[in-house]
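Scroll down for the structure; my scribbles are underneath it.
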Amino acid sequence: MNLLFKPVTKENWETCVSLKVDESQKGFVAENWYSIIEASFEKEFFPTCIYDGDMMIGFLMYDRDPETKRLEVSRFMIDQNHQGKGYGKASMTALLALIKETYGPVDFYTSAEPENEGAIGLYESLGFERTGEVMWGEVVLKVTIT
């Protein structure tokens, strides 16, 4: 596994928007095209393609939420053809390292639909803990990066 993060560009956006989650996950994450558009209107939103070598396998977006001012991962998906191979955990681990390198010690947030047990389990396995908050109808989780 040779994971790389690359920004969405003119050269890769079409591949990015063609990535899809499994049918059972469709209600849990916004379409990648929506995230790319959303990021075009926000200064601190970073839409990012996840690659294994030259092959795009997923997408994430981290940002500083305009309302809460929290640093968070607001989108995270692994393409249905690449799920079950360890990419989710490896990608999130790499993102946490990037956040630490870029921002130093910081609280880092995410959220997930309460029914999305797979995502919540993944986040918790990486040290995220439920805050007790519900925002946008989603369970909020936080990890302190030191």
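Annotations for the structure displayed:
- At most 14 other Cβ within 10 Å, DSSP loop - trypsin sites (Lys or Arg not before Pro), region 17-115: K20, K26, K43, K69, K85
- For region 53-61, backbone phi angles converted through the Karplus equation (6.51, -1.76, 1.60; θ = phi - 60°) give residue-by-residue couplings of x, 8, 9, 6, 10, x, 8, 8, 9 Hz, Gly and Pro being listed as x.
- Length-normalised contact order for region 3-104 - Cα pairs under 8 Å, 6+ apart - percent: 26
- Measuring nothing but protein heavy atoms, the accessible surface of the chain at 1.4 Å probe radius is 51 percent carbon and sulfur.
- FRET efficiency for the F41 to T15 pair, using the beta carbon distance and R₀ = 25 Å, is estimated at 0.65.
- If you take the Cα centroid of region 106-146 and the Cα centroid of region 55-78, the two points sit 13 Å apart.
- Filter on K20/K69; K43/K100; K69/K100; K20/K142 - keep pairs with C-alpha separation over 24 Å: K20/K69; K20/K142
- Dipole size of the chain about its Cα centre, with +1 on Lys/Arg Cβ and -1 on Asp/Glu Cβ: approximately 360 debye, rounded to the nearest 20.
- Protection proxy ranking for 105-113, 124-132, using the average of other Cβ atoms within 10 Å per residue and placing the highest first: 105-113, 124-132.
- Spin-label pair T131/K26, simplified geometry with 7 Å Cα→Cβ offset, distance in nm: 3.1
- Local electrostatic count at F45 - Lys and Arg +1, Asp and Glu -1, tallied over other residues with Cβ under 10 Å: -2
The values are calculated or read from the model by the stated rules, or taken from the named source; none is laboratory data. These numbers come from a predicted model, not from an experiment. Neighbour counts run over all protein chains shown; Cβ positions are idealised from the backbone, glycine included. The area values use the complete protein model at the heavy-atom level, side chains included, leaving out ligands, DNA and RNA. Shrake-Rupley method; radii C 1.70, N 1.55, O 1.52, S 1.80 Å.
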